[in-house]
1. Between K94 and K303, what's the calculated FRET efficiency when r is the beta-carbon distance and R0 is 51 Å? Round to 0.05.
2. Roughly how many Å is it from the Cα centre of the stretch 144-159 to that of the stretch 227-252, as a whole number?
3. Listed highest first by mean packing, meaning other Cβ atoms within 10 Å per residue, what order do 257-266, 383-392 come in?
4. Compute, for the stretch 1-132, the length of the dipole vector about the Cα centre, with Cβ point charges of +1 (Lys, Arg) and -1 (Asp, Glu) only. Units Debye, rounded to 20.
5. Report, for the chain, the % of DSSP beta bridges that are antiparallel, rounded to 5.
6. Which peptide among 357-363, 122-128 comes first, and what is the full order, when sorted by highest mean count of other Cβ atoms within 10 Å?
7. If you rank D64, D149 by fewest surrounding Cβ atoms within 10 Å, what's the result?
8. Describe numerically, in nm with one decimal, the distance between label points set 7 Å from Cα along Cα→Cβ at I147 and at S52.
Amino acid sequence: MATSNSSKQEFLAVLESVLGKASGSPIALHEPNIGALENEKVADCLNSGWVSSVGEYITQFETDLAKFTNAKHVVAVVNGTAALHLALHAVGVKPGDEVIVPTLSFVATANSVSHCGAIPHFVDSDSQTLGLDPDALRNHLSRNTSIRDGQLINSKTGRRISAVVPMHTFGHPMQIEKLLEVAAEFNLTVVEDAAESIGSFVGKVHTGTFGKVGILSFNGNKTITTGGGGAILTNDSMLAERVRHLATTAKLAHDYQYLHDAVAFNYRMPNINAALGCAQMQRLDQFLKAKRSLAEKYAQACKISQTLSFVDEPSGTTSNYWLNTVRLNSPDLKTRDALLGASRADGYLCRPAWNLLHTLPMYQQAPRSELKVAEELVNSLINVPSSARHFLGNI
Ligand SMILES: *Cc1c(COP(=O)(O)O)cnc(C)c1O
């Protein structure tokens, strides 16, 4: 297979020119960057005794996030999946509803829908942004739904479709403004999965603040980490209050009694994690600069390749370049796997995009549109090592 061989050579050359030789320990896809500041703040938190879900670091972390994203309200929670579950629940997604999600996403996007007792309804992606395709969604909904009593009904299943969850893939902003228009046409609530896109903007507006509500993740592999953690962003004051209440077991304020007024969640972020987050927020701009420099180097290195292209931020947007991505100019699963095998054998821990969600056993029966673009994308995308540390020394 000549093409497979030449793309393999080209891919290894790109990796080596950007990252150097992976001698000694393998180069991770994305690793956390923990330094003196993180140690200092976590130690201070431990010494304060305020280690659980009340404390000054939580308030500080939420304030820092609100300032950075320009969201009116931020509620820090235990992880991104919990954030998405609670966000969907709080906007009124009910058991038996369907919720539109891209099939090209991390499994949490669909699982959080299932946790509400609802059913993910998979739609196709846009080949440039890698996010949900608003035009394809409009087409699909026009053909397969009707509006009854103000509610969008799937004509095939008879179920209500209540929300849509756009996701900003690998940090690249999807066409969120166009998606908002389609959502308005079809009475869908927009819950933005911005788990991967802290530091990504459309124009000057931060991802996760376009929809009714949005979420971030601070898992260990994300751009900044709190160990595990997530946040809910919203500009709706009533919704913010409700989310905060539901995340805290719906407990009513009282000196000593256990009064709760709803079946709710224990999802608040502990102060220890928030202490780590406060340190990471102070370094976020540096991380973003380093990641952008790394992305520029990958983009440059890919220019001479005949078989590979670098996935650039969509025009009009700023990506955080969370996971840098190359794509095969001719999508082919065998070639993709050959490249993954060769790079991993040489110590570069590259990964494919996620297996499409509608192919996973628990979602094979779920409703869907045509998914041709996503199927091509998964056969062509490869994530390459993207840790900030590769450029942090130069900033
Ligand atoms: C990481 C991620 C999540 C979930 O975040 P966790 O903090 O790991 O629970 C949700 N959606 C997407 C697209 C993600 O990448």
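The numbers here are math on the coordinates, done by the rules we state, and not lab data. Since this is a predicted model, take the numbers as computed values, not measurements. Cβ placement follows ideal geometry from the backbone for every residue including glycine, while neighbour counts extend to all protein chains displayed.
1. Using R0 = 51 Å, I get an efficiency of 0.55.
2. Here the two parts' Cα centres lie 30 Å apart.
3. 383-392, 257-266
4. For this selection, approximately 100 debye.
5. 65
6. Peptide ranking by packing, descending: 122-128, 357-363.
7. Exposure proxy ranking, most exposed first: D149, D64.
8. The modelled label-to-label distance comes out at 4.8 nm.
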